[in-house]
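First the structure, in the form of structure tokens, and then the observations on it.
The values are calculated or read from the model by the stated rules, or taken from the named source; none is laboratory data. These numbers were taken from a predicted model, which means no experiment stands behind them. Glycine gets a Cβ as well: all are built from the backbone with ideal geometry, and neighbour counts include every protein chain shown.
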Amino acid sequence: MQKLFKIALATAAGFVAGVLVAPKSGKETRKDIKYKAEELKGTAKTELKVASRVAKKSAATIKTGAKEVAEEVKDLGDDVKKSAETVARKTKATSKRVAKTATKTAKAVKADVAPTKTK
């Protein structure tokens, strides 16, 4: 957009310089300058409309993309939560089994190590 503005400005400056050094009457020169200014004004309005449409379309695209990303992040968060809950359940069940096994083992070792009574 800046490049286009620079080109238009350079074109206008070149035109004005050319008109000012051309061998025309003051009235003709002013008429030419006025015509060129109105022409540039029309071009600027057209470019502004195009830029506005592009900006609106870009904003809509960004908004849609942001919504999609938010949905993906939410889904991923839900999946992580479910996985964490599953791991917690399995860990709790495993801990109970380990505790039971440890208790049984401790009792068995105690029984094996305990002195036997002889009569």
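Side notes on the structure shown:
- Residue that is nearest to T11 (Cα to Cα), among those in region 38-51 that are without any contact (Cβ under 8 Å) to a residue 12 or more places away in the chain and of a type in the set (A, V, I, L, M, F, W, C): L48
Residues checked against (1) at pLDDT 95 or above; (2) under 27 Å from the mean Cα position of the chain (by Cα):
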{"residue": "L4", "(1), (2)": "no, no"}
{"residue": "G26", "(1), (2)": "no, no"}
{"residue": "K34", "(1), (2)": "no, no"}
{"residue": "E38", "(1), (2)": "no, no"}
{"residue": "T43", "(1), (2)": "no, no"}
{"residue": "A51", "(1), (2)": "no, yes"}
{"residue": "A66", "(1), (2)": "yes, yes"}
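- Subset of region 1-28 (residues that are part of a helix (DSSP H, G or I) and either under 30 Å from A55 (Cα atoms) or touching a Leu at 6+ places or on another chain (Cβ under 7 Å) (or both)): Q2, K3, L4, F5, K6, I7, A8, L9, A10, T11, A12, A13
- Condition check for A84: of a type outside the set (D, E, K, R) and touching a helix residue (DSSP H, G or I) at 6+ places or on another chain (Cβ under 7 Å): no
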